[in-house]
1. I'm checking my understanding of the structure. Among residues of segment 385-419 that are closer than 24 Å to PHE123 by Cβ and of a type in the set (A, V, I, L, M, F, W, C), which one is least open to solvent (accessible area, probe 1.4 Å)?
2. Tell me yes or no: at least one residue of segment 209-227 is surrounded by 18 or more Cβ atoms within 10 Å (Cβ to Cβ) and over 24 Å from LEU22 (Cα atoms).
3. Given the options GLY311, GLY305, name the one that is touching a residue at least 12 places away in the same chain (Cβ under 8 Å) and over 20 Å from GLY202 (Cα atoms).
4. Sort out which residues of segment 98-113 are of a type in the set (A, V, I, L, M) and over 13 Å from TYR297 (Cα atoms), and write them in order of number.
5. Out of (1) in contact with a helix residue (DSSP H, G or I) (Cβ under 8 Å, 6 or more places away or on another chain); (2) open to solvent by 20 Å² or more (accessible area, probe 1.4 Å); (3) over 20 Å from LYS313 (Cα atoms); (4) not small (Gly, Ala, Ser), what's the single condition that is false for TRP73?
6. Determine if segment 336-359 includes at least one residue that is over 23 Å from PRO80 (Cα atoms), in a helix (DSSP H, G or I) and out of contact with any helix residue (DSSP H, G or I) (no Cβ under 7 Å at 6 or more places or on another chain).
7. Among the residues of segment 258-313, which ones are within 10 Å of ALA64 (Cβ to Cβ) and among the hydroxyl-bearing types (Ser, Thr, Tyr)?
8. Give segment 263-278 a look and list any residue that's among the β-branched types (Val, Ile, Thr) and over 17 Å from SER314 (Cα atoms), or say none.
Amino acid sequence: MRRSNHPVDEMLPGGQLFVYGLQHVLAMYAGAVAVPLIIAGAAHLTKAETAFLINADLFTCGIATLIQTLGIWKMGIRIPVIQGVTFAAVTPMILIAQSQGMETIFGAVIVAGFFTFLIAPYFSKLLRFFPPIVTGSIITIIGISLLPVGIAWSAGGFGNPNYASLEFLAIAGIVLLTILAINKYFKGFIANISVLIGLFVGMLIAWPLGLVDLSGLSSAPWLRVDTPFYYGWPKFDTGAILAMIIVMLVTMVESTGDFLAIGEIIDLPIKEKDLTRGLRADGFATMLGGALNAFPYTAFAQNVGLVGLTGVKSRFVVATSGVILVVLGLFPKLATIIASLPNPVLGGAGIAMFGIVAASGIKTLSRVDFTKNQHNIFIVAISIGIGIIPLVAPEFFKHFPSWSQTILHSGITLGSITAVALNAFFNGGKGAGETDEPVKEAEKEIKEVAKELIQEV
């Protein structure tokens, strides 16, 4: 086996699997339901149709996560990565929904997923263009790109009339301090579920303040099965298909960055064959999404930080998350309860998790030699600088062609492309070279041990 006895393949006790898996679901739930809510609004769906769309998305999220973590045939990267709908698809899907309807979205999603499945082996050959100088930059950009989401949640979420109220900030602060305190004073299982405990504490505080909204719980059905092609048979429009293929190319870059980020965190190098399996799973899940009333799927960057924060590397934990998502997709009442977590509660946890992602990128960059190869500092600086443009100046690229907006509005994609291009320009695509400090330290320790042994003899 490629990774015998590696923690990624560790099977934990059932209770721990459930608790750790639930923690991952709570961390990604808001992002998971955001896209179907946005698309439902653009397509003017009824409340019942919107609810069905959300549950269909959760159900397919779970299946996609199980494929990615457990592996089927030649699909699934088999690391702790959770799948969710990519936000890169939101803008084109809104346009398609408003002009041509949901059936055209699903037709384009199916074809784009099939395209991704086919080109995965060829795209994965680009892995040699992702040495530590590139992966470290990308991981840092991912973390920086996610931090505004956590900050916005902490303030109550954009559009909230009480945005940044002291009440919201206090709740987010308590959640964050709870997570930090648990990691300071506890070890093992308790420390590993610090995010879950933080969310629970935040929920207890938010409840008497009237911030927990369970208004839809009584009207939600107990059981609802996802019906393929619920909104009608898919329609295939050339323009919509091309737009979605561009989205999937962007998604493949983002997924590659997420896979490499998790690989760094769990200390498991991602190889070309692994990347092929991961991207194939993205493509298959996207095809499945088009049939099951859902959308394009990708690795969810939100959960990368949770893996780093908890130190729990088992892929079976995230596979359990997949099972939980499937159940939530079948039982709308359960999904409604999870959805009632207030934004400030999520925000406190989000700042910790997303900050961990950025810190992991910096840790990867610490292996890069910036002394002998002074070009490397430019690669990092410019990549991060370009990557945060969509965050700090959303209108920066507004005069560029409409077909390019999907790429230009994704800081992760912009930063990734910039890092790969600059590394190829300065280092010929062969990598930046890693610092030899770890090797020197190891040699020093070996010499000291040898010296002690000689003295004893």
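The values are calculated or read from the model by the stated rules, or taken from the named source; none is laboratory data. Here the structure is a predicted model, which is why all the values come from computation and not from measurement. Backbone-built Cβ (ideal geometry, glycine too); neighbour counts: all protein chains shown. These area figures cover heavy atoms from the full protein model, side chains too; ligands, DNA and RNA do not enter into them. Shrake-Rupley method; radii C 1.70, N 1.55, O 1.52, S 1.80 Å.
1. Looking at residues that are closer than 24 Å to PHE123 by Cβ and of a type in the set (A, V, I, L, M, F, W, C), I get ALA419.
2. no
3. Checking each option against the conditions leaves just GLY311.
4. Selection gives MET102, ILE105, ALA108, VAL111.
5. Of everything listed in (1) in contact with a helix residue (DSSP H, G or I) (Cβ under 8 Å, 6 or more places away or on another chain); (2) open to solvent by 20 Å² or more (accessible area, probe 1.4 Å); (3) over 20 Å from LYS313 (Cα atoms); (4) not small (Gly, Ala, Ser), TRP73 misses just condition (1).
6. yes
7. Matches in segment 258-313: THR286, TYR297, THR298.
8. Here is the first cut: in segment 263-278, the residues among the β-branched types (Val, Ile, Thr) are 265-266, 270, 276.
If the condition is that a residue be among the β-branched types (Val, Ile, Thr) and over 17 Å from SER314 (Cα atoms), then THR276 is the only one that fits.
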